[in-house]
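Written below as structure tokens is the structure these notes are about.
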Amino acid sequence: MTRTHCPYCALQCGMTLTPSEEGVSVTPRDFPTNRGGLCQKGWTSADVLRAPDRITRPLVRGESGDLEPVSWDEALAYVAARVRAIQAAHGHDAVAVFGGGGLTNEKAYQLGKFARVALRTRHIDYNGRFCMSSAAAAGNRAFGVDRGLPFPLADVAGADAVLLVGSNVADTMPPLVQHLGPVRAKGGLVVVDPRHSATAALTDAESTGAGGLHLRALPGTDQVLLLGLLHLVVADGLADEEYLAARTTGWDDVRRSVALWWPDRVARVTGVPEALLRRAAHLLADASPARGGAGAVVLTGRGAEQHTDGTDTVTAAINLALALGLPGRRSSGYGCLTGQGNGQGGREHGQKSDQLPGYRMIDDPEARAHVAGVWGVDPDLLPGKGVPAVELLGKLGGEVRGLFVHGANVLVSAPDALAVRRRISELDLLVVCDFVPGETAQLADVVLPVTQWAEEEGTMTNLEGRVLRRRKALDPPGEARSELDILADLARLLDSPAAFETDPATVFDELARASAGGRADYSGLSHARLDAVEEGLFWPCPAGSDGTPRMFTERFAHPDGRARMVATTPGAPADDLQPDRPVYLITGRVLAHYQSGAQTRRVAALNRASAEPFVELHPQLARRLAVDDGDDVAVTSPRGTAVARARITTGIRPDTVFMPFHWPGAGMANAVTNDATDPISGMPEFKVCAVSVARADLATALHEAPRPDTEEIPA
Amino acid sequence: MTLNAPEKASGQAPEKVLVIGAGMVGHRFVEELVRGDRDQRYAVELVGEEEYEPYNRILLSDVLAGRSDLKAISLPMPDPGRVQFWRGVAASAIDRESGVVHLSDGSTRPYDRLVLATGARAFVPPVPGLGVSDEGGQPRHVHVLRTLDDCRNIAARAINAKHAVVLGGGVLGLEAACGLRRRGVPVTVVDLDAHVMATQLDAPAAHVLAAQLADLGVDVVTGTSVAEVISAYDELVAVRLTDGRIVAADLMLVSCGVRANVELARGAGLDVDRGVVVDATLTSTDPRVHAIGDCAQAPGGMPGLLAPGWRQAEQLARMLTEPTYAEEADETAGPAASQEPVRLKAAGVDLVTMGVRASTARDTDRVITLSDPAGRRHVDLVVRPDDRGEPTLVGVTCLGAADVSATLSVAFDRRTPLPVDPLALLLPDGGRAEESTSPVRMPGSTTVCRCNGVSKKDIVAAWEAGAGTVEAIAGRTRATTGCGGCKDVVCGLVDWLNASDPASPLSDAGTGPADRPLTDATSPLGGGRSTDVTQRNITAPSTS
């Protein structure tokens, strides 16, 4: 029996693995986040361990053009030689690393070190840029630190009201819904979403007896909605002026900035009736401790964050929480619902283009000196800032000639994915570490088979900032190895000036030293210590500390101890409606699948539950387009077309269509999405673009065919 | 269409831009100019006549109604590092030859480029006793509502007022009337037109609105005006209407529209008509002088509302900061002022109008009307094919239907595709169907446990295979083991299954769920109470 956690999302549900005939079987375990619950992905997670097409030997593309099995020595020697050749010709920065938010802390840390010390490239970033970065940027700006939830998830259950902006937790993190139970029973759940998603349905009166509020904001208008709520808080005298005076700076600017967002203007922009806005504002204010409530919580998800004004949208959410005096108070606060399994830890230990371990900034001389000291190298050897993910992908085939991919499947998950495919095919070297042949691995020159969750030791940091242990239950199949081993070997072959440990506990100890004194301080943690506590420990956890379940109770992380309120201005979608593209496309997730689907599409039960992509559209729009339920529908932007079956539902706005993005091929939603990014966070605008929608058999007549692959690739 | 915007900042002294008027349009222009002027090519000065910090004039009627706090209407102060802001001084004259503006405090400010955003003032009609046409001043307690001071004075008077008269049944007059009523002051609105809001509303909608106002306690008198304002010792006591009636009043608000503030421009010899005459680039007859907002008379007419004034502010700022903007400018002109949405902001009234009215629709337009006077609702929609033949929403009058007004605004503003039958636009949320959640009535294919993809059919099958409790069902199907949200439904299903089957495991203490012989049970889905059912159809209740 092995006590570990689910491989998928940031809830990191506790589970127990028991040896079985097939390998291991999964049973849920009572853990604070999942309280004994598991969704279908978790229950079936062991199936991925025995995926029939599991990669078990290193593969190198041979002369035939196919990937052919070779020995580890051959594979790694080949990679090292190609890296040397590329870097000799084009410089160190010509080789890049693309990481993932699903990697353990140890792997994420080692990957950042590998890029900076062994490859000496400034080009490293990761898929967390698609997931978390706007909330991270806003959190750092406001609070001086970025921990998704600065309080244990269970605190939410004590609140009177919860505002969920752009998050479909009922599909993405089902066991989390348990924590919303008491709030729903009080009628205190407010969900902002253009769709009547499974989460929005939690506000239906028939589902709770009490009912909450569903604000069906037009895509891309979340920030306006939040500014409108804050306007009402000011207009109706609901702000916690005492808290604002004692614990924040910038309130005067922010208060003035919302003077322009009066209710009927906001109703007109967002499509949310004024009466609902007023009810939502009062519901939140009445729940705030300052006004005698039990607590109010504001939470954002990707729906709010994945916009060109995503950082400002999250900032507006934080400003609302601060105006109501929530952060740092019992059963109250602002939080971001981190998505990927280790989306939190993954962004703390050096995978980000501008960061070193412990959330240190790479352009800070002190930070460089500290980390270089731990690594035993000269600080001047460390490269400078790289560029965020979308910009990095834009350099492929140009400035960047070689790419390592770890724990990501950019061919499906990146915005404007057809353009990414074109650029990737221009690379001189693509090395992919994966355990199944995902879409990106299939294009690789070298595929290195790696261990999965149940085959390795390590730590993960969940959406609460709770550091917990991932434990090994069985041996990996064939010749699969941990990335820690692979990176150590490659580093040696590349004559790295620093040593690379391979034992996860030892790597963690090094990580802890590197993080000491940083914003995400892990120096009081070790595998042994985490093994001794049942429920994990929360960072910051400096040496000698027992961790920090609740942050901000006394002070915020800026030097003056105050939260910084910043006035924001809403932006329009980068790709907004026009006469020939009069409908918004929004993208999102289904319960049965995770991210690009590389893992979950290999589980029969999940494919039975959710076999293919679809286009959700309103009956009014369907009738106008002569589309019947189940017809193939083409959704087209200048970037590409996705074709999938129509699912006609009144649960979506008539001016908007929805597609899940878990599938490659003809129905790939990210062929259509826009790669415009937030100027602060670099996060792409997955959540809104303008499209034309037509029945697929009519679409080819109406639109030009998608751009051919031969088209010139922008540099 | 280009302006002679300066090319580069390097080596040159910044160009002095002087903005007269710190109202909402002047304020917006300064913000946009500073935002766009990254190279600091411009040195910006703003002159505002009021002592106050800039504020949101639109919300004054809300403040009057006690619906908004003063704090909620203060606008951002111009960045002191970029803008010199002179408050509480008026511009008294422009000397275009020397490029200076004389201020009321005796000082002068030089300019390279002058932007007039002097706005408008309330129009007070020449009514005997109002003191506009003769020398006497206005009697006390007669007000207009244009500035924060006006708002404060009216609110102060409302504390002791016994009856108020509002002259003018336009949007502002009605908002103010509702606001005064909320403060407990009886109000009579007097409107010369046949019905209120005659500029925006057709008679049927206006009549419903009048009824709604009456419900709120606001008295509306139409087709008449004030013939004389009667005062004693300079204090207002009553008004005499043109139909002879006398209405006692100790508070009066004159809300009869506005007149552009053009004296400054006229005195400087600029071309002035109803407003300062400007061309499509918002430039007056002097290339160094622009005008925007309520004081400007552009080729498309006077803005009259905030949104077109803001668009002019943005347009001018972009023309000064973006070299490539000029070519786009024609396309961004936006709808004419008559197309702008107008919303009546008053507690208890939800009214928005935009675009074409029903009475002015073309024969080929589709006009959909919902007339529900007793329910205090009236909706007119005007749908017209655009130049590509796509039907678009070109007119909305929406009263008392708050559920749909926001949706209609979005469809009007963004020209999103309309339903084939525009009648659907009248349904909130596009007509979302209610779904049955009763475990008994839901079809077998309905998903009960979303987390684990378990349908009602699966649960019935598990029950039939012997799982007679929620825990046993969970063990077999994993239902309830995710978020637990379906526990009630599964409980309901199990209760219902057990209740319809006296031989169920729960009522038969001696038999464990797994051992329960299938043949002893009656499927509740099968109907009937036979004891020898060996096969059940779990999806089609009618066949057994």
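Mind listing the phi-derived Karplus ³J(HN,Hα) values for segment A:71-86, rounded to whole Hz, using 6.51, -1.76 and 1.60 with θ = phi - 60°, and x for any glycine or proline?
Once rounded to whole Hz, the list reads 6, 4, 4, 4, 4, 5, 4, 4, 4, 4, 5, 5, 4, 4, 5, 5.
Give the residue from A:Val410, A:Asn319, A:Asn607 lying farthest towards the positive end of the charge dipole for chain A; charges sit on Cβ (+1 for Lys and Arg, -1 for Asp and Glu) and the dipole is referred to the Cα centre.
Going by the charge dipole, the pick is A:Asn319.
Determine the dipole magnitude for segment B:196-258: charges of +1 sit on the beta-carbon of Lys and Arg, -1 on that of Asp and Glu, nothing else is charged, the reference point is the Cα centre, and the result goes in debye to the nearest 20. Before the final figure, lay out the partial values.
On the way: 2 positive and 8 negative charges, 29 e Å.
In debye, rounded to 20, segment B:196-258 gives about 140.
Round to a whole angstrom and tell me the spacing of the C-alpha centers of segment A:213-272 and segment A:330-362.
Segment A:213-272 and segment A:330-362 have Cα centres spaced 27 Å from each other.
Karplus couplings for segment B:339-345 from phi (6.51 cos²θ - 1.76 cosθ + 1.60, θ = phi - 60°), rounded to Hz, Gly and Pro as x?
8, 5, x, 10, 10, 8, 9
What whole number of Å gives the distance from the Cα centroid of segment B:270-320 to the Cα centroid of segment B:55-83?
The distance from the Cα centre of segment B:55-83 to that of segment B:270-320 comes to 24 Å.
What relative contact order, as a whole-number percentage, does segment B:142-256 give when Cα pairs under 8 Å and 6 or more residues apart are counted? Don't skip to the answer; put the middle values down first.
Values: 216 pairs, mean separation 38.8, N = 115.
That works out to 34 percent.
What's the exposure ranking of B:Thr283, A:Thr16, A:Thr636, B:Thr108, going from fewest to most Cβ atoms within 10 Å? Present the calculation step by step, with values, prior to reporting the outcome.
Numbers: B:Thr283 19, A:Thr16 15, A:Thr636 24, B:Thr108 12.
Taking fewest neighbouring Cβ atoms as first place, the list is B:Thr108, A:Thr16, B:Thr283, A:Thr636.
Can you compute the charge dipole magnitude of segment A:583-702 about its Cα centre, using +1 on each Lys and Arg Cβ and -1 on each Asp and Glu Cβ, nothing else charged? Give it in debye, rounded to the nearest 20. Before the final figure, lay out the partial values.
Working: 12 positive and 11 negative charges, 52 e Å.
Dipole size: approximately 260 debye.
What is the sum of charges around A:Leu443, taking Lys and Arg as +1, Asp and Glu as -1, for the other residues whose C-beta is under 12 Å from the C-beta of A:Leu443? Don't jump to the answer; show the numbers that get you there.
Working: positive: A:Arg61, A:Arg421, A:Arg422, A:Arg423; negative: A:Glu426, A:Asp434, A:Glu439, A:Asp445.
My count for the surroundings of A:Leu443 gives 0.
Assign one of three labels to segment A:531-686, namely rounded, prolate or oblate, based on the Cα gyration tensor with a ≥ b ≥ c the square roots of its eigenvalues; rounded applies when a/c is under 1.5, prolate when it is not and a/b is larger than b/c, and oblate otherwise. Could you put the intermediate results ahead of the total?
Numbers: a/c = 2.87, a/b = 1.64, b/c = 1.75.
Verdict is oblate for segment A:531-686.
Please give me the summed charge of the neighbours of B:Ile246: other residues whose Cβ is under 12 Å from its Cβ, Lys and Arg +1, Asp and Glu -1. List each step's numbers first, then the result.
Details: positive: B:Arg240, B:Arg245; negative: B:Glu228, B:Asp243.
Residues near B:Ile246 contribute 0 overall.
Which of rounded, prolate or oblate describes segment A:128-238 when judged by the alpha-carbon gyration tensor and an a/c cut-off of 1.5?
Details: a/c = 1.42, a/b = 1.21, b/c = 1.17.
Rounded is the answer for segment A:128-238, as its axis ratio a/c remains below 1.5.
Need one number: convex hull volume per residue for chain A, Cα atoms only, in Å³. Could the numbers behind the result be given before it?
Details: hull volume 103.4 nm³, N = 715.
Spread over its residues, the Cα hull of chain A gives 145 Å³ apiece.
Under 5 Å between amide hydrogens, which residues at least 5 positions from A:Glu68 or on another chain qualify, with H placed 1.01 Å from N in the peptide plane?
For A:Glu68, the qualifying residues are A:Val60, A:Arg61, A:Gly62.
Quick check: the distance between the Cα centres of segment A:19-48 and segment A:466-525, to the nearest angstrom?
25
Under unit Cβ charges (Lys, Arg +1; Asp, Glu -1), what dipole magnitude, rounded to 20 debye, does chain A have relative to its Cα centre? Please list the in-between numbers first.
Details: 71 positive and 87 negative charges, 268 e Å.
Rounded to the nearest 20 debye, it is 1280 debye.
Going from the alpha-carbon gyration tensor of the protein assembly as shown, what semi-axes, largest first and in whole Å, does one get by taking the root of 5 times each eigenvalue?
Working: eigenvalues 658, 308, 160 Å².
Value: 57, 39, 28 Å, ordered largest first.
So for chain A, taking the charge dipole from beta-carbon charges (+1 Lys/Arg, -1 Asp/Glu), which of A:Pro449, A:Pro383, A:Gly343 sits furthest toward the positive end?
Working it through, the farthest residue towards the positive pole turns out to be A:Gly343.
Arrange the following residues from fewest to most other Cβ atoms within 10 Å of their Cβ: B:Asp458, A:Asp364.
Details: B:Asp458 22, A:Asp364 14.
Lowest to highest Cβ neighbour count: A:Asp364, B:Asp458.
Using θ = phi - 60° and the Karplus relation 6.51 cos²θ - 1.76 cosθ + 1.60, list the HN-Hα couplings for segment B:226-234 in order, rounded to whole Hz, with x at every Gly or Pro.
8, 8, 7, 9, 9, 9, 10, 6, 6
Rounded, prolate or oblate: which one fits segment A:133-336, using the alpha carbon gyration tensor with axes a ≥ b ≥ c (rounded when a/c is under 1.5, else prolate when a/b beats b/c, else oblate)?
Numbers: a/c = 1.26, a/b = 1.16, b/c = 1.09.
Rounded, because the longest to shortest axis ratio a/c is under 1.5.
Separation between the B:Ala203 and A:Ala246 pseudo-spin-labels, each 7 Å from Cα along Cα→Cβ, expressed in nm?
Taking the two extended label points, one gets 6.4 nm.
If I take every Cα pair under 8 Å that is 6 or more residues apart in chain A, average their sequence separation and divide by the length, what percent do I get for the relative contact order? Present the calculation step by step, with values, prior to reporting the outcome.
Values: 1771 pairs, mean separation 134.4, N = 715.
About 19 percent, as a whole number.
Name the long-range amide H neighbours of B:Phe85: under 5 Å, sequence gap of 5 or more, or other chain; modelled H, no Pro or chain starts.
It is B:Leu46, by chain and number.
Please give the net charge around B:Asp112, taking every other residue with its beta carbon less than 13 angstrom from that of B:Asp112, where Lys and Arg add +1 and Asp and Glu add -1. Display every interim value, and only then the final one.
Working: positive: B:Lys16, B:Arg41, B:Arg96, B:Arg109, B:Arg113, B:Arg288; negative: B:Glu15, B:Glu45, B:Asp286.
Surrounding charge for B:Asp112 is +3.
If amide hydrogens are placed 1.01 Å from N in the peptide plane, which non-local residues have theirs closer than 5 Å to the one on A:Met15?
Close amide H contacts, sequence-distant or interchain: A:Thr4, A:His5, A:Cys6, A:Arg29.
As I understand it, the dipole of chain A uses +1 on the Cβ of Lys and Arg and -1 on the Cβ of Asp and Glu, about the Cα centre. Which of A:Leu232, A:Ser257, A:Val24 lies farthest toward its positive end?
A:Leu232
Could you list the trypsin sites (Lys or Arg not before Pro) in segment A:370-476 that lie in coil according to DSSP, counting only those with at most 14 other Cβ atoms within 10 Å of their Cβ? Show your work: numbers first, answer last.
Values: sites: A:Lys385, A:Lys395, A:Arg401, A:Arg421, A:Arg422, A:Arg423, A:Arg466, A:Arg469, A:Arg470, A:Arg471, A:Lys472; in loops: A:Lys385, A:Lys395, A:Arg401, A:Arg471, A:Lys472.
Passing sites in segment A:370-476 are A:Lys385.
Quick one: which of A:Lys186/B:Lys456; A:Lys107/A:Lys395; A:Lys107/A:Lys385; A:Lys472/B:Lys487; A:Lys385/B:Lys71 span more than 31 angstrom between C-alpha atoms?
Details: A:Lys186/B:Lys456 28 Å; A:Lys107/A:Lys395 25 Å; A:Lys107/A:Lys385 20 Å; A:Lys472/B:Lys487 33 Å; A:Lys385/B:Lys71 43 Å.
A:Lys472/B:Lys487; A:Lys385/B:Lys71, as the Cα separations exceed 31 Å there.
Computed from the coordinates by the stated procedures, all read-outs in this text should not be read as laboratory data. Quick caveat, the model's predicted, so the values are computed rather than measured. Backbone-built Cβ (ideal geometry, glycine too); neighbour counts: all protein chains shown.
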